[in-house]
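Taking it in order: structure first as structure tokens, then the write-up.
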């Protein structure tokens with residue numbers, strides 16, 4: 001990536017420099033376009049559910065920027081050896097989430113591939129003055145997380161045949177839930193910074209926010225909402241390789257205190273279609289949580305930490 005040419009356009013409001021969730025390009029004084037793309041291999045055996053998860057994950061980047069998705073294009077890799085009906089189910093699952101987002105699906109592109117892959121290229125819109133970025137968190141802010149974590153660990157347990165049916169259904173519900181309702185609550189208040197929690201895990205995305213904002217984030221790990229049974233499987237060592245990679249990448253910038261090993265694994269567990277992490281003034285936290293409760297998100301959302309002035313570490317895990 002370092003060898004790629006640098007691009008500049010005065011209307012490019014968000015590019016690659018801060019590792020933000022999507023690119024944003026200003027169209028008029030009142031309209032900015034959000035552009036994002038994401039796809040991955042199956043995380044569920046049911047093709048329809050896989051399509052839903054992949055689409056929800058792709059749409060999430062637009063919500064993380066404070067925008068509304070409007071247009072989506074399918075991106076597909078599919079083996080010739082599999083029944084085309086499976087592909088039809090994947091696409092139907094994705095389409096159901098695009099409809100739920102009140103966007104339109106307008107085609108896409110497919111190639112032959114040895115392993116199924118699916119996702120979306122999504123275009124959304126936001127007012128330039130209401131754009132959220134993954135930087136701008138300010139000392140004194142609190143950090144609100146809108147979904148529980150642990151999807152990577154539970155999916156690992158599912159693949160090993162060790163997860164309960166209840167845990168599998170719980171993780172599917174988390175991964176297929178759009179961040180639309182959470183975004184609609186948050187946009188009623190001044191949001192200083194926002195990102196969604198995906199492959200780098202909660203810890204990795206906190207670190208991106210902290211570095212981009214030049215602050216330190218303090219996370220109370222006891223307050224992090226967990227998908228039911230995620231801690232059980234973490235204690236058993238059912239941890240995906242990505243969690244160790246995330247943790248190793250972040251180790252120089254993180255103060256772990258005396259965190260139990262399983263809890264550190266959960267913090268850096270790579271998430272699929274995770275929630276939003278928002279930095280807001282503390283005075284709005286109670287009202288935001290009340291708004292989440294009205295949207296049926298009370299059991300998932302929580303205040304998990306606060307923003308501090310920058311010190312020697314970007315992230316404190318307590």
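Structure data summary
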item	result
Residues being under 19 Å from residue 221 (Cα atoms) and without any contact (Cβ under 8 Å) to a residue 24 or more places away in the chain - total across the range 253-298	4
Candidate set: the range 91-126, residues that are in a loop (DSSP other than H, G, I, E, B) and modelled with pLDDT of 95 or more; chosen: the one surrounded by the fewest Cβ atoms within 10 Å (Cβ to Cβ)	102
Residues (under 16 Å from residue 136 (Cα atoms) and either more than 15 Å from the chain's Cα centre (by Cα) or in a helix (DSSP H, G or I) (or both)) located in the range 164-200	186, 187, 189, 190, 191, 192
Any chance residue 234 is over 19 Å from residue 61 (Cα atoms) and buried (at least 24 other Cβ atoms within 10 Å of the Cβ)	yes
Entirely in the range 1-74, the strands (runs of 3 or more DSSP E) that have 3 or more residues that are touching a helix residue (DSSP H, G or I) at 6+ places or on another chain (Cβ under 6 Å) and surrounded by 16 or more Cβ atoms within 10 Å (Cβ to Cβ)	32-40
Output for the range 75-90, where each listed residue is buried (at least 20 other Cβ atoms within 10 Å of the Cβ) and in a helix (DSSP H, G or I)	90
From 107, 66, 119, 93, residue being in contact (Cβ under 8 Å) with a residue 24 or more places away in the chain, under 17 Å from the mean Cα position of the chain (by Cα), more than 30 Å from residue 214 (Cβ to Cβ) and not assigned by TED's automatic domain parsing to the domain that holds residue 196	119
Unmet requirement for residue 161, which otherwise passes all of (1) closer than 29 Å to residue 236 by Cα; (2) in contact (Cβ under 8 Å) with a residue 40 or more places away in the chain; (3) assigned to a loop (DSSP other than H, G, I, E, B)	(2)
Flag for residue 167 being surrounded by 19 or more Cβ atoms within 10 Å (Cβ to Cβ) and in contact (Cβ under 8 Å) with a residue 40 or more places away in the chain	yes
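The values are calculated or read from the model by the stated rules, or taken from the named source; none is laboratory data. Predicted, not measured: the structure shown is a model, and the values here were computed from it. FYI the Cβ positions are ideal-geometry reconstructions off the backbone, even for glycines, and counts take in every protein chain you see.
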